[in-house]
Amino acid sequence: MGTDSRAAGALLARARTLHLQTGNLLNWGRLRKKCPSTHSEELRDCIQKTLNEWSSQISPDLVREFPDVLECTVSHAVEKINPDEREEMKVSAKLFIVGSNSSSSMRNAVDMACSVLGVAQLDSVIIASPPIEDGVNLSLEHLQPYWEELENLVQSKKIIAIGTSDLDKTQLEQLYQWAQVKHSWITSALGGACPLVFASHCSVLCWTLMGKLLSEASFQEALQESIPDIQAQEWVPLWLLRYSVIVKSRGIIKSKGYILQAKRRGS
């Protein structure tokens, strides 16, 4: 573990970008020894085990190359969708913008998810509330650039349906009235009355789902614990995408996992 950690630390000290993907969590086998109690606990566990597995497989050639972009994954768990079965599958994702104020991160996340899963488009993408400064109330102006990018992704046929998460009734009404491409989905981690009332008026679906999954601090803690030989505070997570692939006719989850992008400060 010590040698693995040192090699990983040396790579991360030179790299500018980290792409972390868990692959299909249903293929983890021995890596998944316990059932986490929360989504946040599951994510932290996935980040650490993915980093540990990747560290144990670093080749001497990779260390000599010192690439700017590191692809960190559990190789045996990677699973693309069979093209012959694509019509039978529903590919859904929830996107969390964490340490980036750029809506362009959304296209990057969707493109990477499509590449990882071997598909041309995602059936649905829900975006969590974007990051804002402490003490600032989320407004339509904060939401607009992110929704515009989702609309662009719909128009370019990278996504079929789009939705929002954890907005109150006023925020939902303002965004819905302004948007060119309307919500197909609304999710709420609170299960409160306001989103449900709005959903009944606009004929969109609402159900209870997870809230915030990842913070800069929690990512850095997971990184530091897995690879002690680094300055974890130099790394900032930009976005996190949680995906699931469901067999339409049976409602069975065939695949699920996480994809994350982080950057080193100043790079």
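The values are calculated or read from the model by the stated rules, or taken from the named source; none is laboratory data. Owing to the predicted nature of the structure, the values given are computational and were not obtained by experimental measurement. Cβ atoms come from the backbone with ideal geometry, glycine included; neighbour counts cover every protein chain shown.
What to note about this one:
Rundown of residues vs (1) within 12 Å of L241 (Cβ to Cβ); (2) among the hydroxyl-bearing types (S, T, Y); (3) at pLDDT below 90, yes/no style:
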{"residue": "A109", "(1), (2), (3)": "yes, no, no"}
{"residue": "M112", "(1), (2), (3)": "yes, no, no"}
{"residue": "V119", "(1), (2), (3)": "no, no, no"}
{"residue": "A128", "(1), (2), (3)": "yes, no, yes"}
{"residue": "E133", "(1), (2), (3)": "no, no, yes"}
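Rundown of residues vs (1) part of a loop (DSSP other than H, G, I, E, B); (2) closer than 26 Å to A13 by Cα; (3) touching a His at 6+ places or on another chain (Cβ under 9 Å); (4) without any contact (Cβ under 8 Å) to a residue 60 or more places away in the chain, yes/no style:
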site: T50; (1), (2), (3), (4): no, yes, no, yes
site: D61; (1), (2), (3), (4): no, yes, no, yes
site: R64; (1), (2), (3), (4): no, yes, no, yes
site: P67; (1), (2), (3), (4): yes, yes, no, yes
site: K80; (1), (2), (3), (4): yes, no, no, yes
site: R86; (1), (2), (3), (4): no, no, no, yes
site: G99; (1), (2), (3), (4): yes, yes, no, no
site: N108; (1), (2), (3), (4): no, yes, no, no
site: S124; (1), (2), (3), (4): no, no, no, no
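- All conditions but one from (1) of a type in the set (G, A, S); (2) on the phi > 0 side of the Ramachandran plot; (3) at pLDDT below 90 apply to G23; the one that does not is (3).
- Hits in region 130-180 - residues which are surrounded by 17 or more Cβ atoms within 10 Å (Cβ to Cβ), touching a residue at least 40 places away in the same chain (Cβ under 8 Å) and either touching a Ser or Thr at 6+ places or on another chain (Cβ under 6 Å) or in a loop (DSSP other than H, G, I, E, B) (or both): Y146, E149, K158, G163, S165, D166
- The set of residues from region 26-43 being touching a helix residue (DSSP H, G or I) at 6+ places or on another chain (Cβ under 7 Å) and either modelled with pLDDT of 90 or more or assigned to a helix (DSSP H, G or I) (or both) comprises N27, L31.
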